1. Would you check if there is a residue in region 76-86 being at pLDDT 90 or above, within 15 Å of the chain's Cα centre (by Cα) and open to solvent by 90 Å² or more (accessible area, probe 1.4 Å)?
2. Enumerate the pairs (first residue in region 105-119 and open to solvent by 50 Å² or more (accessible area, probe 1.4 Å); second residue anywhere and in a helix (DSSP H, G or I)) with beta-carbon separation below 6 Å, excluding pairs fewer than 6 apart on the same chain, so at least 6 apart or on different chains.
3. Only one of these conditions is not met by GLY69: (1) at pLDDT below 95; (2) farther than 30 Å from PRO32 by Cα; (3) of a type outside the set (S, T, N, Q). Which number is it?
4. Every residue in region 50-67 that is open to solvent by 40 Å² or more (accessible area, probe 1.4 Å) and outside any loop (DSSP other than H, G, I, E, B), please.
Amino acid sequence: MRVTLVLLLAALISTVLLPRPLAHAEPSDVSPIDTNDGPSNLKEGRRLFQSANYADASAYLWRAVVLQGDSSQSYSVDEAFTPFLQCYLLQNKVVDGLVFVAAESYLRGQDKMGELYLGQARGAGCHSRERR
């Protein structure tokens, strides 16, 4: 069961949910940054967020979340994670964001965290259907 769930979530990430930096950004919106540097990704994510380019901002913000633990970065995980989720909220795609985090967690072997976010996605999905 768990293997099937992880494979399903991985397929969703690669085809639907994966934040895609620069996938649909105009060349003028692209700044050359060191994609392996957490603070640079956070700065670019914030810039794109401020310009309401939430789809692209989420990719940079997620990368900042992932890179935060690699070294002594000058920001907290929450400084990147909160606007990352806000990107999905502002696009009315909260469930997609939560499923993305769940899948990433499962793929990193963080099963409890994956279960937590998958449960939140289920709850958010139920609430959004009730509002319709």
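1. yes
2. From region 105-119, the pairs are MET113/SER105.
3. That leaves (2) as the condition not met.
4. GLN50, TYR54, ARG63, VAL66
The values are calculated or read from the model by the stated rules, or taken from the named source; none is laboratory data. Every value quoted in this text rests on a predicted model; they were computed, and no experiment measured them. Glycine gets a Cβ as well: all are built from the backbone with ideal geometry, and neighbour counts include every protein chain shown. The area values use the complete protein model at the heavy-atom level, side chains included, leaving out ligands, DNA and RNA. Shrake-Rupley method; radii C 1.70, N 1.55, O 1.52, S 1.80 Å.
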